[in-house]
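The values are calculated or read from the model by the stated rules, or taken from the named source; none is laboratory data. Because the structure is predicted, anything quoted here is derived from the model rather than measured. Every residue, glycine among them, receives a Cβ derived from its backbone with ideal geometry; neighbour counts consider all protein chains shown. Areas reflect the complete protein model, heavy atoms only, side chains present, ligands, DNA and RNA absent. Shrake-Rupley method; radii C 1.70, N 1.55, O 1.52, S 1.80 Å.
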Amino acid sequence: MIRSVALAALAMLLLSPLAVKADDRLEVSRLMQTAAKGTAEEKAEAIDDLARYGERAEPALPTLVAALENESADLKWRAARTLGSMGEAALPAMPALRKAVKSNEPRVAAYAAYALGRIGETAAEAAPDIIPLIVSKDAVTRRAARDALRRIRAPREITLPLMAQALEEANPDDVVPALRTLSELGEEALPAVEAALKHPRACYWGCLVVADLGPKAKSTVPLVADVLEHRDPECRLQAAVALGEIGEDARSAEQAVLDALKNDEFDGVRAAAAYALVKMKSDDSATVKALLDARADDDQLVQVVSAWALIQLAPNNTDLVRESLDVVLKGLRSDDPKVRVTAARGLIESKAPRELVGPQLVAALQDANDELIIQIVEGLAGIGPDAVPAVMEAMKNPELRRVATLIINRIGPDAKSAVPGLVEALQTTDKDLELRRELQFALGGIGPAAAPAVPELVESLASDNAEVRRSAAYALGKIGAESKPAVPALRKLVASEDRYDRIAAVWALLKIDASNPRLRQVAVPLLIGALDHERMVVRLEAAEALGEIGSDAKPAVPALKGLLKDPSPLVQAAAKAALAKIGE
């Protein structure tokens, strides 16, 4: 997560080239024969290759349906994925896909749902087969089912009762992730959520979804407020959080939340109530008085959340803020990991001076657990350049060096003042190859301002470690034109026997000198091949890179037009922008 952008770009670099034959029909015919009569490995490869042709692979429908009915789960999911690439042209395969969507193999079921979704509204009759996947144990399958239901646009009067039935019959352990998946449907899921809120057992799950939906779920406020009276404290806690996530539209439940803050016997509910009052922007005198009392609660978690709430609600009351900040900072040093995480989050979200927050968070890294480290990394990244001095001070501590590097990477271009320290760290990091790779990703995230690191990055291109070489190429490419001194070394890497090294080097050279026609000739086929990749971020990066190439990327036009129907709006937008830059 921390270096997702860098890793996405690198993943795009490492894709193998996929050449496209001039005569599509002949190639599709050849692939059909291989998919029908080849070895298991040859069949899988041929089925995957057919996906490149989209609806032009329609003659292969019988072959793909046969593969979908094969005993091999590997061939089944590959066939379903390729059928999905064909869009509406795969309609004749719908009976086989409806059967495959019921498979016990998650990957088969997920790709069958994906293919039905890509067929579109004409596949609406398959909704009853897709809906049970909403409560699958497999997250990918749940998302595929959700996206398919969106695409086929089945009538709500069909889908909602079926969803409610699926939730009622599901294993309790599967309901929470299922409801969270449903929450991604937005307001369309509210009738099912409201039904859950009325159920003594399901109300907990319903509150989780309401919290995910936030203000979109304002119609549920009375039902959620009723859950504050539930005998189970976990249900009451989630109800308070849900009201907070709804925000100001939940003000009608303010008195119920105040009562929970004052009277609930469970400390978690009292802390959640304090949180909710802030989110509801309930700043009247009764609320402030209740929070002041809660700041002196016997439980430290309630103290910290209430102190944070007072800072948020009364930022101009200097004395109140100072006293409350002391409570939060004390929580940051608590022996209770839960309190420390809450205090860190409160400090990050408070209106305290950034120059104070940064050093306090860095100091808390010393004995932080994984959850607290995640909070601190995100918090310091959000503070931005003001956090860099404290983070670079932490870089001097060998035990904190890797975490500090990740924080700098998250800050990105605003961390340019960290470049000298990162270069120094590179110069003293030869044996810790993983750290060297992380440092290079961080320099790449900073971009052109990291030009002083070019000589050290050039040295990394000759490393015996593949990840070090490729992360160095990534960083040089992100630095751009200022990396021209690295061109000779990158050209040597282009001649490497390692295919992935060649691709990484070509990508970097293209970023350094995008006008080089020979590089464009090499890069365009690689990027076209990436447009069919199953990972959204890879398709996105490839589309953007082709747009940067401009008119020389005309061979990519058909594939880019295909992306205009991509499930991801971000990919669609990138494809549209790329086509405009290419001149289409």
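Would you confirm whether any residue within region 56-67 is under 29 Å from the mean Cα position of the chain (by Cα) and either β-branched (Val, Ile, Thr) or open to solvent by 30 Å² or more (accessible area, probe 1.4 Å) (or both)?
No, the conditions are met nowhere in region 56-67.
Can you report the number of residues in region 107-133 which are open to solvent by less than 60 Å² (accessible area, probe 1.4 Å) and touching a Phe, Trp or Tyr at 6+ places or on another chain (Cβ under 9 Å)?
Looking only at that region, the number is 5.
Residue-wise test of (1) at pLDDT 80 or above; (2) touching a Pro at 6+ places or on another chain (Cβ under 9 Å).
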| position | (1), (2) |
| --- | --- |
| Arg201 | no, yes |
| Trp205 | no, yes |
| Ala211 | yes, no |
| Leu228 | yes, no |
| Ala240 | yes, no |
| Glu245 | yes, yes |
| Asp249 | yes, yes |
| Val257 | yes, no |
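Return the pairs, sorted by first residue and then second, in which the second residue is assigned to a helix (DSSP H, G or I) and open to solvent by 10 Å² or more (accessible area, probe 1.4 Å), the first residue lies in region 539-559 and is without any contact (Cβ under 8 Å) to a residue 12 or more places away in the chain and over 18 Å from Gly477 (Cβ atoms), the beta carbons are less than 6 Å apart, and the residues are 6+ apart or on different chains.
Sorted first by the residue in region 539-559, then by its partner, the list stays empty.
Looking only at residues in region 436-472 that are open to solvent by 10 Å² or more (accessible area, probe 1.4 Å) and among the aliphatic types (A, V, I, L, M), which one is nearest to Ala418 (Cα to Cα)?
The qualifying residue nearest to Ala418 (Cα to Cα) is Ala449.
Can you find a residue in region 396-406 that is open to solvent by less than 30 Å² (accessible area, probe 1.4 Å) and within 14 Å of Pro359 (Cα to Cα)?
Yes, that holds for at least one residue.
Answer yes or no: is there a residue in region 145-165 that is modelled with pLDDT of 65 or more, acidic (Asp, Glu) and part of a helix (DSSP H, G or I).
Yes, region 145-165 contains a residue that is modelled with pLDDT of 65 or more, acidic (Asp, Glu) and part of a helix (DSSP H, G or I).
Just wondering, is there one or more residues in region 8-17 that are under 19 Å from Ala473 (Cβ atoms), modelled with pLDDT under 50, in a helix (DSSP H, G or I) and open to solvent by 80 Å² or more (accessible area, probe 1.4 Å)?
no
Kindly indicate the residue of region 134-144 that is surrounded by fewer than 22 Cβ atoms within 10 Å (Cβ to Cβ) and in a helix (DSSP H, G or I) and also modelled with the lowest pLDDT among those meeting that condition.
Within region 134-144, the match that is modelled with the lowest pLDDT is Ala139.
Of the numbered conditions (1) open to solvent by 40 Å² or more (accessible area, probe 1.4 Å); (2) modelled with pLDDT of 90 or more, Glu548 satisfies every one except a single condition; which is it?
(2)
Leu75: among the aliphatic types (A, V, I, L, M) and under 30 Å from Val557 (Cβ atoms), yes or no?
Criteria not met by Leu75.
Condition test on Leu91, is it touching a Pro at 6+ places or on another chain (Cβ under 7 Å), closer than 24 Å to Leu564 by Cβ, assigned to a helix (DSSP H, G or I) and open to solvent by 10 Å² or more (accessible area, probe 1.4 Å)?
Considered against the rule, which asks whether it is touching a Pro at 6+ places or on another chain (Cβ under 7 Å), closer than 24 Å to Leu564 by Cβ, assigned to a helix (DSSP H, G or I) and open to solvent by 10 Å² or more (accessible area, probe 1.4 Å), Leu91 comes out as no.
Name every residue in region 500-532 that is open to solvent by 50 Å² or more (accessible area, probe 1.4 Å), over 21 Å from Pro448 (Cβ atoms) and of a type outside the set (Phe, Trp, Tyr), in order of residue number.
Across region 500-532, the qualifying residues are Arg502, Pro517, Arg518, Gln521, Val522, Pro525, Asp532.
Please tell me if Leu493 is open to solvent by 10 Å² or more (accessible area, probe 1.4 Å) and part of a helix (DSSP H, G or I).
yes
Is it the case that region 553-568 has a residue that's within 30 Å of Ile408 (Cβ to Cβ) and surrounded by fewer than 24 Cβ atoms within 10 Å (Cβ to Cβ)?
yes
Does at least one position in region 296-313 carry a residue that is in contact with a His (Cβ under 9 Å, 6 or more places away or on another chain) and either aromatic (Phe, Trp, Tyr) or farther than 21 Å from Ala343 by Cα (or both)?
Scanning region 296-313 turns up no residue that is in contact with a His (Cβ under 9 Å, 6 or more places away or on another chain) and either aromatic (Phe, Trp, Tyr) or farther than 21 Å from Ala343 by Cα (or both).
Just checking, does region 474-488 include any residue being at positive phi, in a helix (DSSP H, G or I) and open to solvent by less than 80 Å² (accessible area, probe 1.4 Å)?
So far as region 474-488 goes, yes, one or more of its residues are at positive phi, in a helix (DSSP H, G or I) and open to solvent by less than 80 Å² (accessible area, probe 1.4 Å).
Kindly establish whether Asp49 is more than 24 Å from Ile152 (Cα to Cα), part of a helix (DSSP H, G or I) and within 27 Å of the chain's Cα centre (by Cα).
It is false that Asp49 is more than 24 Å from Ile152 (Cα to Cα), part of a helix (DSSP H, G or I) and within 27 Å of the chain's Cα centre (by Cα).
I'd like to check which helices (runs of 4 or more DSSP H) are fully inside region 248-361 and have at least 2 residues that are of a type in the set (Ser, Thr, Tyr) and surrounded by fewer than 20 Cβ atoms within 10 Å (Cβ to Cβ).
By residue number, no helices (runs of 4 or more DSSP H) qualify.
Counting only residues that are surrounded by fewer than 19 Cβ atoms within 10 Å (Cβ to Cβ) and either under 27 Å from the mean Cα position of the chain (by Cα) or in contact (Cβ under 8 Å) with a residue 40 or more places away in the chain (or both), how many does region 68-88 have?
The total comes to 2.
Pick from Ala307, Ala296: which is out of contact with any Pro (no Cβ under 7 Å at 6 or more places or on another chain) and within 18 Å of Gly244 (Cα to Cα)?
Matching residue, one of Ala307, Ala296: Ala307.
Only one of these is of a type in the set (Asp, Glu) and at pLDDT 90 or above: Asp284, Asp299, Asp326. Name it.
On inspection, the qualifying residue turns out to be Asp299.
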